[in-house]
1. Just one of 191, 181, 154 is over 16 Å from residue 128 (Cβ atoms) and in a loop (DSSP other than H, G, I, E, B); which is it?
2. Of (1) of a type in the set (D, E, K, R); (2) crowded, with 16+ Cβ neighbours inside 10 Å; (3) without any contact (Cβ under 8 Å) to a residue 24 or more places away in the chain, residue 194 satisfies all except one. Which?
3. Inside the range 69-86, can you point out the residues that are surrounded by fewer than 18 Cβ atoms within 10 Å (Cβ to Cβ) and out of contact with any strand residue (DSSP E or B) (no Cβ under 7 Å at 6 or more places or on another chain)?
4. Can we say residue 132 is under 24 Å from residue 104 (Cβ atoms) and either in contact (Cβ under 8 Å) with a residue 40 or more places away in the chain or assigned by TED's automatic domain parsing to the domain that holds residue 76 (or both)?
5. Does residue 246 satisfy being among the aromatic types (Phe, Trp, Tyr) and either surrounded by 20 or more Cβ atoms within 10 Å (Cβ to Cβ) or at pLDDT below 95 (or both)?
6. Determine which single condition residue 147 fails, assuming it passes every other condition in (1) in contact with an Asp or Glu (Cβ under 7 Å, 6 or more places away or on another chain); (2) more than 28 Å from residue 122 (Cβ to Cβ); (3) not hydroxyl-bearing (Ser, Thr, Tyr).
Amino acid sequence: MKQLFLLLLLICQLSIAQSLAPLSKVPLIADRFIGFDNYKNSYFVKNRVINKQGPDGNFIFNDLQLGRITSVDIINPLKVVAFFQDTNTVVMLDNKLNEIERINFNNLPLFLNVSTATNAGNNSLWLFNVDTQQLEMYNYGSKLQTVVSQPFPGKLLSQASNFNYCFTLTEKKLRAFNIYGSILNEVPSEGYEKIIQQNENLVALKENSLYYIPDFAKRNDAISRETVKLSFPEITIKDLQLTNDFLYIYDGEILHTFKLTPPIKE
C-alpha cells in the first residue's frame with residue numbers, strides 16, 4: 001500500500017514537472033515582448049516603436065506624440081489594438097501595422113478615463129474606467145458604452161481578455177466576466193502580480209513563479225480543478241504570453257518557448 005502511494009505521488013510530481021516542455025531559446029533585443037499571433041508573427045516594442053516580424057513580413061508603427069505604449073493586443077492580427085494611456089488613446093492597426101482607426105477617449109461625448117483597453121471583438125473594447133473603477137465595454141462602431149462590473153476596490157494590477165471573457169486582477173480579487181456583463185468567478189488574488197489567458201484558462205505570475213489556473217471562467221460550474229504551480233528552468237520573467245498551448249517567456253535578452261501540457265490533478 002505504501003509503495004502504491006509513493007508511485008502515485010511520483011507520477012503526480014512528474015506530470016506537474018513536465019507540464020512545461022522547453023522548445024527553443026532565441027535572442028531578442030527589445031524593451032518589451034508582446035507575443036506571437038496565430039500566423040507565427042512576433043511582436044515587440046523597441047524605442048517606443050511597435051515591431052512585427054515573421055511570415056507576413058517586417059512592419060513597424062510609431063507615433064511618438066501619443067506617448068508611452070501601454071499595451072498591444074494581438075488577439076486579432078487584422079485589427080491590432082495599441083493603447084496609449086498617456087494620451088487616453090487607442091489606435092487600431094491592420095496586419096501591416098497601418099493605422100485603421102484612432103479613438104481618443106478624451107473626445108467622446110461621455111468622457112472616459114481608462115487604464116486598460118483590449119479587444120473584445122465585434123467592434124468592441126474591454127476598458128477599465130479609472131474614474132468609476134468599473135470594467136466597461138465600448139462599441140466604437142455604435143459609440144455605445146456598457147458597464148460590465150460593479151466598482152472594484154483596490155488597484156487594477158492586470159487585465160487579460162479574449163472575445164468571450166475578460167479577467168481582472170486587483171490587489172484583493174481575481175475575477176472573470178463574460179461579454180454579457182455576468183461575473184463568472186471571483187476568488188482571492190493570492191498575491192498574483194500579472195495574469196495571461198488562453199480561452200477559459202489563466203497563467204498567473206507571482207514572485208517569478210507561474211501558476212496554471214484551469215477553467216477559471218467555468219470554475220462555478222460542476223467541474224473544478226486546482227491551481228497548479230508550473231515547473232520551469234530558473235528564468236527571470238520580464239514578459240510572457242500564452243497562445244495555442246505555447247508559453248513564451250522573455251527574460252530581457254532571450255525569448256524562451258515552452259510547450260504547455262495542462263496539468264490535471266485527479
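1. The match here is 191.
2. Unmet condition: (3).
3. Of everything in the range 69-86, those that are surrounded by fewer than 18 Cβ atoms within 10 Å (Cβ to Cβ) and out of contact with any strand residue (DSSP E or B) (no Cβ under 7 Å at 6 or more places or on another chain) turn out to be 78, 86.
4. Details: under 24 Å from residue 104 (Cβ atoms): yes; either in contact (Cβ under 8 Å) with a residue 40 or more places away in the chain or assigned by TED's automatic domain parsing to the domain that holds residue 76 (or both): no.
Considered against the rule, which asks whether it is under 24 Å from residue 104 (Cβ atoms) and either in contact (Cβ under 8 Å) with a residue 40 or more places away in the chain or assigned by TED's automatic domain parsing to the domain that holds residue 76 (or both), residue 132 comes out as no.
5. The answer is no for residue 246.
6. Failed condition: (2).
The values are calculated or read from the model by the stated rules, or taken from the named source; none is laboratory data. These numbers were taken from a predicted model, which means no experiment stands behind them. Every residue, glycine as well, gets a Cβ built from its backbone with ideal geometry; the counts of neighbours run over all protein chains shown.
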